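Asks: Here it is, the structure, as structure tokens.
The values are calculated or read from the model by the stated rules, or taken from the named source; none is laboratory data. Being a predicted model, the structure only gives us computed values, none of them experimental. Neighbour counts are summed over all protein chains in view; Cβ atoms, including those assigned to glycine, are modelled from backbone coordinates with ideal geometry. Note: areas computed on protein heavy atoms with side chains; ligands, DNA, RNA excluded. Shrake-Rupley method; radii C 1.70, N 1.55, O 1.52, S 1.80 Å.
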Amino acid sequence: MNFASDNAGPVHPQVMEALRRVNEGYDHGYGNDPETEAAKAALRALFDAPQAEVFLMPGGTAANALTLGTLVQPWQAVYCSGLAHIHVDECGAPEFYTGGAKLVPVVPGDQITPEALQKAWAFWDTGDVHQPSGGALSVTNTAERGNTYTLDELRVLFDMAHSRGLTVHLDGARFANAVARLGCTPAEMSWKIGADAVVFGGTKNGCMGVEAVLFFDPEKARGLPFRRMRSGHLLSKHRYLAAQMNAYLADGLWLELARKANATCAMLVEGMRHLGVEITTQTPANLIYFRLPLRTHETLQAKGAVYYHMPEPGDGPDDMVRARLVCDWNLSEDAVTRFLETLKAAL
């Protein structure tokens, strides 16, 4: 019953087999190999974007930070949610790799609204030389509290950003889960609604460690190859990244795994709601936030459930405490059933 994170699960066997396959013989380094060219071609085909510039990265922090460093200038602002991974989980990497661009949290939660974005611009993006000018809008789908923006919601935000001359960065660590939730295509959730650059995540959905960055206008990507090399994120044995991505994309494995994770999460949500549990995630894909008394969390974890809960100092055993459950591709329906049975007994 491990719901700690989709980082905690295993690598899919087809990805491991791809790594074994490229682990024979010799090939050129630094991405100058057939495996990397095949991955780039496959990603361009997946996004229906033949002109896109494609870069593979070993992790999401590098992908986000180097993308933003390419899109904005040091004196500009990056607008994001208050819970955005770039704001609270990347240890200042976006600020470092942008040369000091300011991250401006628009809302305290995980989803930006048009009204909140306008309010942030009214305060920050005034043209006053004492304040950072507009640089980029960064949006995450699926977002950090598990909520999934609709395509219309994204389109409105992206149009607003472009109307002010900002570029748009889409953090897609759980891009596959969002696509599966919305029933759309990767193109429909990216360049067709105005994203300038997207991170297409693999690590949380069955890969060992690979993310793809796509710039849909090659001109906007001109600095990224140098930033990636300068930061130490261009792996010499690059074919091991590419092999993962090729296996991930082959025969739609990426979407199959996301659908499975989402389906087990939906089963979990239905069961918990039936038990009367307060779920705070409104539009979940593969993770949810919920609240239970602290004593109930402790009982569940003593019975073998693995997940994160967030008690505050001074919380008593009957105080309601927020927690998170994440479903990865490998989580079985049996694990969900056992968790729900254990929860029912604890309640």
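Asks: Give the residues of the range 25-48 that are aliphatic (A, V, I, L, M) and either touching a Pro at 6+ places or on another chain (Cβ under 6 Å) or open to solvent by 10 Å² or more (accessible area, probe 1.4 Å) (or both), sorted by residue number.
Replies: Ala38, Ala41, Ala42, Ala45, Leu46
Asks: To continue, here is another question. Which condition from (1) at positive phi; (2) assigned to a helix (DSSP H, G or I) is the one that Cys91 breaks?
Replies: (2)
Asks: Okay, moving on. Could you check Tyr26 against (1) without any contact (Cβ under 8 Å) to a residue 40 or more places away in the chain; (2) on the phi > 0 side of the Ramachandran plot and say which number it fails?
Replies: (2)
Asks: Please verify whether Met245 is open to solvent by 50 Å² or more (accessible area, probe 1.4 Å), hydrophobic (A, V, I, L, M, F, W, C), closer than 24 Å to Ala180 by Cβ and at pLDDT 95 or above, treating the condition exactly as stated.
Replies: no
Asks: Return a yes/no flag: does the range 93-102 have any residue that is at pLDDT 95 or above and of a type in the set (D, E, K, R).
Replies: yes
Asks: Moving to a separate point now. Which condition breaks for Leu235 when tested against (1) outside any helix (DSSP H, G or I); (2) within 15 Å of Ala52 (Cβ to Cβ); (3) open to solvent by 30 Å² or more (accessible area, probe 1.4 Å)?
Replies: Exception for Leu235: condition (2).
Asks: Name the residue that is nearest to Ala261 (Cα to Cα), counting only residues in the range 137-148 that are in a strand (DSSP E or B) and open to solvent by less than 10 Å² (accessible area, probe 1.4 Å).
Replies: Val139
Asks: What number of residues in the range 94-106 are within 19 Å of the chain's Cα centre (by Cα) and in a loop (DSSP other than H, G, I, E, B)?
Replies: So the count comes out to 1.
Asks: Here's a follow-up. Tell me which residues, restricted to the range 211-229, are open to solvent by 10 Å² or more (accessible area, probe 1.4 Å), part of a helix (DSSP H, G or I) and closer than 12 Å to Gly69 by Cα.
Replies: Of everything in the range 211-229, those that are open to solvent by 10 Å² or more (accessible area, probe 1.4 Å), part of a helix (DSSP H, G or I) and closer than 12 Å to Gly69 by Cα turn out to be Lys220, Pro225, Phe226, Arg227, Arg228.
Asks: Taking the options Gly109, Gly134, name whichever one is at pLDDT below 95, under 26 Å from the mean Cα position of the chain (by Cα), surrounded by 13 or more Cβ atoms within 10 Å (Cβ to Cβ) and in a loop (DSSP other than H, G, I, E, B).
Replies: The conditions single out Gly109.
Asks: Continuing with the same structure: Inside the range 50-69, can you point out the residues that are among the small types (Gly, Ala, Ser) and crowded, with 21+ Cβ neighbours inside 10 Å? Give the steps one after another, and end with the answer.
Replies: Step one: of the range 50-69, the residues among the small types (Gly, Ala, Ser) are 52, 59-60, 62-63, 65, 69.
Of everything in the range 50-69, those that are among the small types (Gly, Ala, Ser) and crowded, with 21+ Cβ neighbours inside 10 Å turn out to be Ala52, Gly60, Ala62, Ala63, Ala65, Gly69.
Asks: Could you tell me whether the range 45-63 includes any residue that is within 17 Å of the chain's Cα centre (by Cα), among the small types (Gly, Ala, Ser) and within 18 Å of Gly223 (Cβ to Cβ)?
Replies: Yes, there is a match, as at least one residue in the range 45-63 is within 17 Å of the chain's Cα centre (by Cα), among the small types (Gly, Ala, Ser) and within 18 Å of Gly223 (Cβ to Cβ).
Asks: If you take the residues in the range 112-129 that are open to solvent by 60 Å² or more (accessible area, probe 1.4 Å) and among the aromatic types (Phe, Trp, Tyr), which one is nearest to Thr70 (Cα to Cα)?
Replies: The selected residue is Trp124.
Asks: Quick one: would you say Pro313 is modelled with pLDDT under 95, farther than 16 Å from Ala4 by Cα and out of contact with any strand residue (DSSP E or B) (no Cβ under 8 Å at 6 or more places or on another chain)?
Replies: Numbers: modelled with pLDDT under 95: yes; farther than 16 Å from Ala4 by Cα: yes; out of contact with any strand residue (DSSP E or B) (no Cβ under 8 Å at 6 or more places or on another chain): yes.
Yes: the conditions hold for Pro313.
Asks: Another question, if that's okay. Given the residues Val72, Val78, Val88, which is the only one that is open to solvent by 30 Å² or more (accessible area, probe 1.4 Å), farther than 25 Å from His238 by Cα and either touching a residue at least 40 places away in the same chain (Cβ under 8 Å) or under 15 Å from the mean Cα position of the chain (by Cα) (or both)?
Replies: Details: Val72 fails: open to solvent by 30 Å² or more (accessible area, probe 1.4 Å); Val78 fails: open to solvent by 30 Å² or more (accessible area, probe 1.4 Å).
So the residue among Val72, Val78, Val88 that is open to solvent by 30 Å² or more (accessible area, probe 1.4 Å), farther than 25 Å from His238 by Cα and either touching a residue at least 40 places away in the same chain (Cβ under 8 Å) or under 15 Å from the mean Cα position of the chain (by Cα) (or both) is Val88.
Asks: I would also like to ask the following. May I ask you to list the residues in the range 163-210 that are open to solvent by less than 10 Å² (accessible area, probe 1.4 Å), in contact with a Gly (Cβ under 7 Å, 6 or more places away or on another chain) and not in a helix (DSSP H, G or I)?
Replies: Leu166, Val168, Gly172, Val198, Val199, Phe200, Gly201, Val210
Asks: Still on this structure, I have one more. Name the residue, out of Val54, Val15, Val11, that is within 20 Å of Asn246 (Cα to Cα), at pLDDT 95 or above, in contact with a Leu (Cβ under 7 Å, 6 or more places away or on another chain) and not basic (Lys, Arg).
Replies: Going through Val54, Val15, Val11 in turn, just one is within 20 Å of Asn246 (Cα to Cα), at pLDDT 95 or above, in contact with a Leu (Cβ under 7 Å, 6 or more places away or on another chain) and not basic (Lys, Arg): Val54.
Asks: Condition (residue is within 16 Å of Tyr97 (Cα to Cα), of a type in the set (Phe, Trp, Tyr), at pLDDT 95 or above and over 17 Å from the mean Cα position of the chain (by Cα)) applied to the range 218-236: is it met by at least one residue?
Replies: There is at least one residue in the range 218-236 that is within 16 Å of Tyr97 (Cα to Cα), of a type in the set (Phe, Trp, Tyr), at pLDDT 95 or above and over 17 Å from the mean Cα position of the chain (by Cα).
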